[in-house]
1. Report the residue count in the range 59-88 for those that are farther than 23 Å from F217 by Cβ and part of a helix (DSSP H, G or I).
2. So which pairs qualify, if the first residue must be in the range 97-121 and modelled with pLDDT of 95 or more, the second must be among the aromatic types (F, W, Y), the Cβ gap must be under 6 Å, and the two must be at least 6 apart or on different chains?
3. Looking at (1) touching a residue at least 40 places away in the same chain (Cβ under 8 Å); (2) more than 16 Å from the ligand (Cβ to nearest atom); (3) β-branched (V, I, T), find the lone condition where T129 falls short.
4. Pairs please, first residue from the range 324-338 and closer than 20 Å to E249 by Cβ and aromatic (F, W, Y), second anywhere and near the ligand (Cβ under 8 Å from one of its atoms) and assigned to a loop (DSSP other than H, G, I, E, B), Cβ atoms under 8 Å, 6+ apart in sequence or on different chains.
5. Name the residue, out of L315, L325, that is closer than 30 Å to R121 by Cβ, open to solvent by less than 70 Å² (accessible area, probe 1.4 Å) and within 16 Å of the ligand (Cβ to nearest atom).
6. When you scan the range 163-179, do you find a residue that is within 28 Å of A252 (Cβ to Cβ) and either surrounded by 11 or more Cβ atoms within 10 Å (Cβ to Cβ) or in contact (Cβ under 8 Å) with a residue 24 or more places away in the chain (or both), even just one?
7. Starting from residues that are free of Cβ contacts under 8 Å to residues at least 12 places away in the same chain and not polar (S, T, N, Q), keep the ones in the range 68-96 and report whichever is farthest from the ligand (Cβ to nearest atom).
8. Check whether at least one residue in the range 180-189 is open to solvent by less than 80 Å² (accessible area, probe 1.4 Å) and in a loop (DSSP other than H, G, I, E, B), and report yes or no.
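The values are calculated or read from the model by the stated rules, or taken from the named source; none is laboratory data. On a predicted model such as this, the values are computed, not experimentally measured, just so you know. With ideal geometry, Cβ positions are generated from the backbone for all residues, glycine too; neighbour counts draw on all protein chains shown. To get the accessible areas, we keep the full protein, side chains included, count just its heavy atoms, and leave off ligands, DNA and RNA. Shrake-Rupley method; radii C 1.70, N 1.55, O 1.52, S 1.80 Å.
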Amino acid sequence: MGNGGDGRGRAAGGKAWGGRFREPTDPAVERLNASIGFDIRLARHDVEGSIAHARMLGRRGIIPPADARAIERGLRQVAREVETGRFQPTVGDEDVHMAIERRLVELIGPAGKRLHTGRSRNDQVALDTRLYLREASGEIRAQVHALIRCLLTAAERHASVLMPAYTHLQPAQPVLFAHHLCAYGEMLARDLARLRDAAGRADEMALGSGACTGTTFPLDREAVRRALGFARLTRNSLDAVADRDFILEFEAAAAILMMHLSRLAEELILWSSREFGFVEFSDAVTTGSSMMPQKRNLDGAELVRGKAGRVFGRLLALLTTMKGLPLAYNKDLQEDKE
Ligand code: ARG
């Protein structure tokens, strides 16, 4: 809990963990350590988790109910400030969890420190990331859904159009264009199922795991689970703070999805080339070239194809980050977010 913010002795730049530290953190270490530049995107989820935690602490009498109410009001205020850009964290805040707590204490005073009772940033970040991914995965699924509908609409609109089916990129047999489009529909339907499946396994509430072995405070994990709408509780605290399978599974599903989108993009590019000449795209979705006025480039599709690379890369990066980590939490895990 740090040294209670008593002014003097706020070593390590007044950090929550600075209690026994006498020297301030070296600025280079501070910069390397900081995730605030990217995990600020978890602010809404961090606040959501903290409100559920604070209410539970208050209801259980682990902290005074009046403090719990003040914490909730303060957190809502911090969330508004982050959203409107009025609260600008600094690199000294280290991460989103410490930034929000710092601002909370500024707003409501020492009661704000009670929020962290029975909790560690290790289970906090495990919770926040799951909340974030739940939302992101839902948004991506909605977009994949829209794309499937779009393919089906095009298939119906051109129900009688014929094209060559290829093997070895050589014309093989005639086929309906709609049949070709529906092939992508099948791929995307499997992608949807994979994303849903991964989200289902990620649907666990991690608070209560503490830093790694739980907490002696009599938390009501079930109440927090219900408040946050998770299906289950994580069962093993060491696993809960060290596990990033749920991100890997999401990334794996995302990588396969991007592979499919890249194949579709590649075909659109081929089809719109002069050599194939199957389709023509409007000015609105193509770009030209100053030196070669005959050109009509499908940059968007090329970028979809191109961006698949970075999504594959993220999967391999996190697998590599994870493979040598002993239990439980290690700071390497912070690399899971970018
Ligand atoms: N910013 C950290 C991360 O993303 C939060 C957890 C930090 N925990 C710790 N014990 N230093 O992983």
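1. Step one: of the range 59-88, the residues farther than 23 Å from F217 by Cβ are 76-88.
Next, only the ones that are part of a helix (DSSP H, G or I) stay: 76-83.
Of the residues in that region, 8 qualify.
2. The qualifying pairs are R103/F87; G118/F217.
3. Unmet for T129, out of (1) touching a residue at least 40 places away in the same chain (Cβ under 8 Å); (2) more than 16 Å from the ligand (Cβ to nearest atom); (3) β-branched (V, I, T): (2).
4. Note: pairs meeting the criteria are Y329/A211.
5. Numbers: L315 fails: within 16 Å of the ligand (Cβ to nearest atom).
Matching residue, one of L315, L325: L325.
6. no
7. Our first condition is that a residue be free of Cβ contacts under 8 Å to residues at least 12 places away in the same chain; within the range 68-96, this holds for 69, 80, 84-86, 88.
Within this subset, residues satisfying the condition of being not polar (S, T, N, Q) are 69, 80, 85-86.
Working: R69: 27, R80: 23, G85: 21, R86: 23 Å.
Top of the filtered list is R69.
8. Initial filter on the range 180-189 (open to solvent by less than 80 Å² (accessible area, probe 1.4 Å)): 180-185, 187-189.
Add one more test, that the residue is in a loop (DSSP other than H, G, I, E, B), and what stays is none.
Within the range 180-189 (the criterion being open to solvent by less than 80 Å² (accessible area, probe 1.4 Å) and in a loop (DSSP other than H, G, I, E, B)), the answer is no, since none of the residues qualifies.
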